[in-house]
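Just dropping this structure here.
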Amino acid sequence: MSLFKVFDVAGSAMNAQSMRMNVTASNLANAGNVSGDPDKVYRARQPVFSSFSTSLADQSGVAGVRLDGVVESSAPLQQRYQPDHPEADADGNVYVTNVNTVEEMVNMMSASRSYKNNVEMINTTKDLLL
């Protein structure tokens, strides 16, 4: 593999981590979402990436990361009895999103570090080429 292909690999990984950070930021922004209807409550989302064996190698001969989609979490919603809440249903229940803020912060830190590692890989490759 030539050193120039490292840029393709690192670039696809940086795009993946950028998408991961955006989805995590969206989850954190909606962490306090409540509704009286469980179908209208925000559900945590996670990006799904293809593995190296089914990635860009089929298209360009270079391994990398490709976004396959964003899926909603199947974790159960929290149900709280709050009859005085304006969004409460007829039984006085509200449904709280299933976003786990601790897990999302760990995802954000992991994605940020992975992004920085790919930047370092690009810079090191650039220095080697020079």
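Picking from 84, 58, which residue would you name as being surrounded by fewer than 17 Cβ atoms within 10 Å (Cβ to Cβ), at pLDDT 90 or above and either in a helix (DSSP H, G or I) or out of contact with any Pro (no Cβ under 8 Å at 6 or more places or on another chain) (or both)?
Criteria check complete, one pass: 84.
Among the residues in the stretch 106-123, are any on the phi > 0 side of the Ramachandran plot, modelled with pLDDT of 90 or more and either under 13 Å from the mean Cα position of the chain (by Cα) or in a helix (DSSP H, G or I) (or both)?
no
When residues of the stretch 65-77 are filtered for being outside any loop (DSSP other than H, G, I, E, B) and modelled with pLDDT of 90 or more, how many remain?
The number of residues fulfilling the criteria is 4.
Shifting gears a bit: Which residue, of 94, 99, is in a loop (DSSP other than H, G, I, E, B) and surrounded by 15 or more Cβ atoms within 10 Å (Cβ to Cβ)?
99
Can I ask one more? State whether the residues of the stretch 13-22 include one that is farther than 30 Å from residue 128 by Cα, modelled with pLDDT of 95 or more and either assigned to a helix (DSSP H, G or I) or open to solvent by 70 Å² or more (accessible area, probe 1.4 Å) (or both).
Looking for residues that are farther than 30 Å from residue 128 by Cα, modelled with pLDDT of 95 or more and either assigned to a helix (DSSP H, G or I) or open to solvent by 70 Å² or more (accessible area, probe 1.4 Å) (or both), one finds at least one in the stretch 13-22, hence yes.
State yes or no: is residue 29 surrounded by fewer than 14 Cβ atoms within 10 Å (Cβ to Cβ) and more than 30 Å from residue 126 (Cα to Cα)?
Yes: the conditions hold for residue 29.
The values are calculated or read from the model by the stated rules, or taken from the named source; none is laboratory data. What you see is a predicted model, and the numbers here were worked out from it, not measured in a lab. So basically every Cβ, Gly included, is an ideal-geometry build from the backbone, and we count neighbours across all protein chains shown. When the accessible area is computed, the model is the full protein with side chains, heavy atoms only, and any ligands, DNA or RNA have been set aside. Shrake-Rupley method; radii C 1.70, N 1.55, O 1.52, S 1.80 Å.
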